Amino acid sequence: MKTAMENSARKIKTYREYIRFKVLILILLAFGTLLAALAAIVILVIHDLNLAMKYCDRFLFVKDGEVYAYGGREVMTPETIGDVYGIPVAVESVRGASVVIPLPEVRRGRQWASSEVGKPAKGA
């Protein structure tokens, strides 16, 4: 059993890592904004689709080592994202911003276990 002090130390470490990540993202985005203002091309590899939709105007999806889709917001569809990431999603507008929302996975009337995501159904 962990002591309260060990639990607190773990929470603080996790919080510090989260803050470092957020600061890094803000620095990268500020740098990208500056370069964009100078009409430079900025390429950002990011797997957080909600951040990408907030700060990017072009998107490139790669699946199995090949370009799957490229373009503006028109390629940010539930079908594209679902095919590339292997999970069902919805793309909705929340307070004027588009967001990607993972959906509960259903396979033949039951929820998928996380280990089954993206695998073909037995007997299919």
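Of the residues in the stretch 23-31, not one is outside any loop (DSSP other than H, G, I, E, B), modelled with pLDDT of 75 or more, out of contact with any Pro (no Cβ under 9 Å at 6 or more places or on another chain) and closer than 19 Å to V91 by Cα. With respect to R10, determine if the residue is surrounded by 10 or more Cβ atoms within 10 Å (Cβ to Cβ), within 25 Å of V100 (Cα to Cα) and of a type in the set (D, E, K, R). In short, no.
Answer yes or no as to whether V42 is among the aliphatic types (A, V, I, L, M) and modelled with pLDDT under 75.
Yes, satisfied.
Only a single criterion out of (1) outside any helix (DSSP H, G or I); (2) surrounded by 10 or more Cβ atoms within 10 Å (Cβ to Cβ); (3) not aliphatic (A, V, I, L, M) is not satisfied by H47, namely (2).
Residue-wise test of (1) surrounded by 13 or more Cβ atoms within 10 Å (Cβ to Cβ); (2) of a type outside the set (S, T, Y); (3) modelled with pLDDT under 90; (4) under 14 Å from the mean Cα position of the chain (by Cα).
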| position | (1), (2), (3), (4) |
| --- | --- |
| L60 | yes, yes, no, yes |
| D64 | no, yes, no, no |
| E74 | no, yes, no, no |
| E105 | yes, yes, yes, no |
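Within the stretch 59-72, residues that are without any contact (Cβ under 8 Å) to a residue 12 or more places away in the chain sit with their Cβ atoms under 8 Å from residues that are surrounded by fewer than 11 Cβ atoms within 10 Å (Cβ to Cβ) and aliphatic (A, V, I, L, M), at 6+ positions apart or across chains, in these pairs: L60/V67.
Just wondering, is there one or more residues in the stretch 52-71 that are touching a Leu at 6+ places or on another chain (Cβ under 6 Å) and within 21 Å of V99 (Cα to Cα)? Step through it out loud before you land on a result.
Start the filter on the stretch 52-71 by keeping residues that are touching a Leu at 6+ places or on another chain (Cβ under 6 Å), which leaves 55, 70.
Imposing the further condition that a residue be within 21 Å of V99 (Cα to Cα) reduces the set to 55, 70.
Yes: one or more hits.
The values are calculated or read from the model by the stated rules, or taken from the named source; none is laboratory data. Since we're looking at a predicted model, the values are computed, not measured. Counting neighbours? That spans all protein chains shown, and the Cβs are built from the backbone with ideal geometry, glycine included.
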